[in-house]
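Here is the structure we will look at.
The values are calculated or read from the model by the stated rules, or taken from the named source; none is laboratory data. Fair warning: this is a prediction, and the values are worked out from it, not measured in the lab. Note that we place each Cβ from the backbone using ideal geometry, even for glycine, and neighbour counts take in every protein chain shown. We work out accessible area using only protein heavy atoms, side chains counted, and drop any ligands, DNA or RNA first. Shrake-Rupley method; radii C 1.70, N 1.55, O 1.52, S 1.80 Å.
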Amino acid sequence: MRIDDSNGAVIRLLACPVSEELANQRRAKLKKEAKTFPSKEVLELLSWSIFLTSIHEEKPDYKSIFELYKLRWRIETIFKTMKSHLKVDKAHNVSSNQLSFIIVAKMILFLLIFQFIFSWFAQKIEKHFGRELSLFKLCRYLVDNFTMVAELINIAMRVRFQKNNKQSMMLVKYCTYNKRKWQNYNRQLKDTA
């Protein structure tokens, strides 16, 4: 469906039905998390994957839009992690130079965590423990236990993963996804690849 607004922008709505199993998982999750019982219309909409796009292609392919949204969701997760745990979005009552320094320092910290800790430990923890490391939980844990940043980077740089060392066990305990019936985003991404 094509929607033209008064400014000349074109927005396309793409909808594709999902399996009954996925729709039921969505409904169960919503009923569990919602503060009020969802309406019949909302429950019916959970049978569909609905996307809005401004891509100028006359008939954008559903699969390509789906892939773009998966990538966008990963970016949203990264920004949420940075805002929630590194407080990148908080304005400080400091000079513009100091503010620039603070933001750059937090971005460097996030890149160190992502590149040297998350990327390396995610592979090792999945291989040795069958669990998935959560970037969100990892950042929260490292902000609360900041001295572990250097320890974990040191382990990753020396490529000496030990399954039963203290640091690995702490990451598995506090920074992995809970076991659940439905798949998290990372698992869905791997399964569709």
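Here Asn154 meets the list (1) without any contact (Cβ under 8 Å) to a residue 12 or more places away in the chain; (2) more than 17 Å from His85 (Cβ to Cβ); (3) not in a helix (DSSP H, G or I) almost entirely, failing just condition (3).
Scanning the stretch 128-143 for residues that are open to solvent by 50 Å² or more (accessible area, probe 1.4 Å), touching a Phe, Trp or Tyr at 6+ places or on another chain (Cβ under 9 Å) and assigned to a helix (DSSP H, G or I) returns His128, Arg140.
In this entry, Phe121 passes the filter for residues that are open to solvent by less than 80 Å² (accessible area, probe 1.4 Å) and either at negative phi or in contact with a Pro (Cβ under 9 Å, 6 or more places away or on another chain) (or both). Checked against (1) touching a residue at least 40 places away in the same chain (Cβ under 8 Å); (2) within 30 Å of Ile113 (Cβ to Cβ); (3) open to solvent by 80 Å² or more (accessible area, probe 1.4 Å), Leu86 passes all but a single condition, namely (3). Taking the criterion of being open to solvent by 50 Å² or more (accessible area, probe 1.4 Å) and not small (Gly, Ala, Ser), the residues of the stretch 100-118 that qualify are Phe101, Ile103, Val104, Met107, Ile108, Leu111, Leu112, Phe114, Gln115, Phe116. Among the residues of the stretch 10-60, those that are of a type outside the set (A, V, I, L, M, F, W, C) and assigned to a strand (DSSP E or B) comprise Arg12, Pro17, Ser49, Thr53. Put simply, of Lys29, Lys40 the only residue that is free of Cβ contacts under 8 Å to residues at least 24 places away in the same chain and under 23 Å from Cys16 (Cα atoms) is Lys40. Which numbered condition in (1) under 18 Å from the mean Cα position of the chain (by Cα); (2) in a loop (DSSP other than H, G, I, E, B) is the only one that Asn93 fails? So the condition that Asn93 fails would be (1). Applying the set (1) touching a helix residue (DSSP H, G or I) at 6+ places or on another chain (Cβ under 9 Å); (2) in a strand (DSSP E or B) to Thr77 leaves exactly one unmet item: (2). For Glu132, work out the one condition from (1) within 17 Å of the chain's Cα centre (by Cα); (2) closer than 21 Å to Lys83 by Cβ; (3) charged (D, E, K, R) it doesn't fulfil. The number of the failed condition is (2).
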